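Each reported figure results from applying straightforward, stated rules to the coordinates on display, with no laboratory input. What you are looking at is a predicted structure, and each value in this text was computed from that prediction instead of being measured. As a convention, Cβ positions derive from the backbone with ideal geometry for all residues, glycine included, and neighbour counts pool all protein chains shown.
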Amino acid sequence: MGSVVLCLTSWSEGKLVTRKGKSLGDISFLCGTIYFSGFFKGGKIMNFILEYKWIILVSLEVLAWASTFFLFYARYGMKSTFWFKVASVLFAVTGVIPQVIMGIINFIHTRKLDIFTIIIVVLLIYGFTFGKKEVKKLDAWAQKKFSK
């Protein structure tokens, strides 16, 4: 991959090309985000993400909730700062970050607000508003449950 990056020298008719003239894919600019359609060997990973986006979203949401419960268990049950930090990272990696990335990828691909992107926006708004209150309630419950 590094050798390809070093060879990038010019734009040719909206395509990113190497010194040898090999096209690496189209480049689109949208809201300051660069979308490289030739990314990950011809877009195979992007196609996979777009094809299975609902399954990936639900799986990530389940993993985020599981990591949330593990976070509380590590904090109150195990009383371990190390495992609490590990659980915090797991939550970030399975929760907000991939949802935002998937929403951006989907929006760039479809170039419109479809139901998938709207659901991600709703999940994020819920998480940053009402979700905070729910997590505080869950935190209080976990503290009582694991303090025994």
So how do Tyr126, Tyr76 line up by other beta-carbon neighbours within 10 Å, fewest first? Tyr126, Tyr76
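Could you give me D for segment 44-147, from Stokes-Einstein at 10 °C and 1.306 mPa s, where the hydrodynamic radius is the Kirkwood radius over C-alpha pairs? Units µm² s⁻¹, please.
Values: Rh = 14.9 Å.
The Stokes-Einstein estimate is 107 µm²/s.
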Sorted by Cβ density within 10 Å, fewest first, the residues Tyr73, Tyr52: Tyr52, Tyr73
Among the listed pairs Lys79/Lys132; Lys79/Lys133; Lys53/Lys144; Lys44/Lys137; Lys53/Lys132; Lys53/Lys133, which have their C-alpha atoms separated by more than 31 angstrom in this model? Lys53/Lys144; Lys44/Lys137
When Leu71, Leu123 are arranged by how many other beta-carbons sit within 10 Å of their Cβ, fewest first, they go Leu123, Leu71
